[in-house]
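Let me begin by presenting the structure, written as structure tokens, before commenting on it.
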Amino acid sequence: MGDPSKQISAAVDQLRDELFGFCQSLVRIPSLPGEEQEAQLFIASKLEEVNLQVEILRSNRDELEDHPAF
């Protein structure tokens, strides 16, 4: 096996067009506060395509506003 960083770099290079296309599609989806669901579903769909398990949780802005990281 070779250098892991070189392997990762090669994989990213190979997927470059797909990664850019995904990012371009994602930023076209309106995702203002309270309107994030379409973007969440888009990402979830992509994760499921690569056989990852996805769980989408609903959030309540009123419950989050007082959190220090909000």
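A few points about this structure:
- 10 Å-binned pair-distance histogram of the chain (Cα, whole percent): 16, 32, 31, 17, 4, 0
- Hull volume in cubic angstrom per residue (convex hull over the Cα atoms of the range 1-41): 89 Å³
- Positive-end residue of Asn60, Val12, Phe22, charge dipole of the chain with Cβ unit charges: Val12
- Rounded to 10°, Cα long-axis angle of helix 16-27 versus longest principal axis of the chain: 10 degrees
- Loop-resident sites, the range 1-43, for GluC sites (Glu not before Pro), counting at most 10 other Cβ within 10 Å (DSSP): Glu35
- Estimated [θ] at 222 nm from DSSP helical runs (n ≥ 4, -39500 (n - 2.57)) normalised by residues in the chain, nearest 500: -17000 deg cm²/dmol
Only the coordinates and a few stated rules stand behind these numbers; no lab work does. What you see is a predicted model; the values in this text were computed from it and never measured. Cβ atoms come from the backbone with ideal geometry, glycine included; neighbour counts cover every protein chain shown.
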